[in-house]
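Everything on this sheet refers to the single structure shown next.
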Amino acid sequence: VTPARGLYLYASVPHDAQLGGVRGITGEPVEILRHARLGLVLGEVVVEMLTGLEDESADPGVLGALARCHDEVVRAAWAAAGAVLPFRLGTVLVDRDAARRYLDDRAEELCPAMQQVTACREWGVTVHDRATELRAHADPNAALDPGRPGTAYLARRRQEMARAEARRETMSCVEGELRARATDVAAGRHRKPDVVLDESYLVRRDAEPALFETVDRCGDLLLEQGLHLELSGPWPPYSFVPRGG
Amino acid sequence: MQTRSTSDSRYATGHRPDSLADVLERVLDRGVVIAGDIVVSVVNVELLTLKLRLIVASVETAKEIGLDWWMRDPFLSSRAHALELETENRQLRERLDALETRLEARTDQPDGERS
């Protein structure tokens, strides 16, 4: 019995892209299937190798390694082709005919999307709230007047509200400045409650120096208010692909 | 195109090996999705995304308590496991073949003892 095989997709690339010597998630050679003005970076895999990843009993390390490998191949294709539209992890087509049919159906939306991400890289910015830690150190005046706890409380409340207002202002200013550097913006998932900003920016390579300058300036500003900015990247444009199957 | 360089920003996290949570978020939650009968549904993305949340939480917890060893090179071990299964599979098939051959040899002899 031969195990079921399928075509694992990594990314779409421009039609003329070349790729050599890259190995995929199961160690298979990665190739480019060309059709309808586009190329699909793919590898033939044994479907069984991918099943059960979502099971509770599955080793999370396997998923982690798979994710890294998927990302590595996407990056290799990106480096070789200059532009990519990555597929989501676990996308497997039944055969080459299906791949060609997919490109016939979708070239019209994939091509302009490819155009948009060309010469750009994705950068992620998150801002965490570290204000609570900071406040613990910087608020000795809460005990200024032990004889008048009500007044002290109100003063503290006023101070907190003023601080929150100042942070809101800074945040909206930062958001505006970062967005001004980007060709496109995608919202992230705010995966933790202390995250006050989680966005991805598609930035032209020639605009990157300006982005870094903005990030540094905004990062300093935010830090004064107990907010911690982190820049991740460069990423292939995972967040800037056409939506909808 | 150089895709691995980190940025010149002082706030860059760079491309540290422990940014697995970021990688997972991008490859599982973003990227082109294909629907319809041309895809083999091997991975339940919704369940996987759910699992991702647990992993992201546990990656952070694991890092905090220093239990992140499995993040380092688990794929090698999982591949080794697959190879082990393949070898076992082949050995079993060989044994099965041998048994079948012996069985056939027996049925070819009408005077052989059979229950």
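Read the figures in this text as sums done on the coordinates, not as results from a lab. As the structure is a prediction and not an experimental result, all values here were calculated from the model. Cβ coordinates were reconstructed from backbone atoms using ideal geometry, including for glycine residues, and neighbour counts include every protein chain displayed.
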Going fewest to most other Cβ atoms within 10 Å around each Cβ, A:Leu7, B:Leu54 line up as B:Leu54, A:Leu7
Taking Lys and Arg as +1 and Asp and Glu as -1, residues besides A:Leu53 with C-beta under 12 Å from its C-beta add up to -4
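So if each residue of separation counts as 0.36 nm, and I subtract the Cα-Cα distance between A:Arg156 and A:Leu221, what length gain in nm does that give? All intermediate terms of the calculation are to be shown ahead of the outcome.
Numbers: separation 65, 0.36 × 65 = 23.40 nm, distance 2.28 nm.
That pair, A:Arg156 and A:Leu221, stretches by 21.1 nm at full extension.
Which ordering of A:Ile25, B:Ile38 is given by a fewest-first count of other beta-carbon atoms within 10 Å?
Working: A:Ile25 23, B:Ile38 19.
Fewest-to-most ranking of A:Ile25, B:Ile38: B:Ile38, A:Ile25.
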Quick P(r) readout (chain A; Cα-Cα; 10 Å bins; whole %) gives 7, 24, 25, 19, 12, 7, 4, 1, 0
Within the set A:Arg217, A:Arg148, A:Arg130, GNM on chain A using Cα springs under 10 Å gives the largest fluctuation to A:Arg148
Chain A, Gaussian network, Cα under 10 Å: of A:Gln225, A:Gln115, A:Gln159, the residue fluctuating most is A:Gln159
Contour minus Cα-Cα span, A:Gln18 to A:Arg163, at 0.36 nm per residue, comes to 46.8 nm
Summed over the other residues with a beta carbon less than 15 angstrom from that of A:Phe212, with K and R at +1 and D and E at -1, the charge totals -3
For the range A:17-57 the GluC sites (Glu not before Pro) that pass both the DSSP coil test and the at-most-10 other-Cβ-within-10 Å test are A:Glu56
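What ranking do A:Val84, A:Val117 get, fewest neighbouring Cβ atoms within 10 angstrom at the top? Display every interim value, and only then the final one.
On the way: A:Val84 29, A:Val117 22.
The most exposed by this proxy come first: A:Val117, A:Val84.
For chain A, what's the relative contact order in percent, using C-alpha pairs closer than 8 Å and at least 6 residues apart?
Values: 368 pairs, mean separation 57.3, N = 245.
Relative contact order for chain A comes out at 23 percent.
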For the range A:152-245, listing GluC sites (Glu not before Pro) in a DSSP loop whose Cβ sees at most 14 other Cβ atoms within 10 Å gives A:Glu224
Counting only backbone N atoms under 14 Å from a point 7 Å out along Cα-to-Cβ of A:Ala210, the residues of the range A:158-181 in range are A:177-181
Residues other than B:Tyr11 with Cβ under 13 Å of its Cβ, Lys/Arg counted +1 and Asp/Glu -1, net out at -3
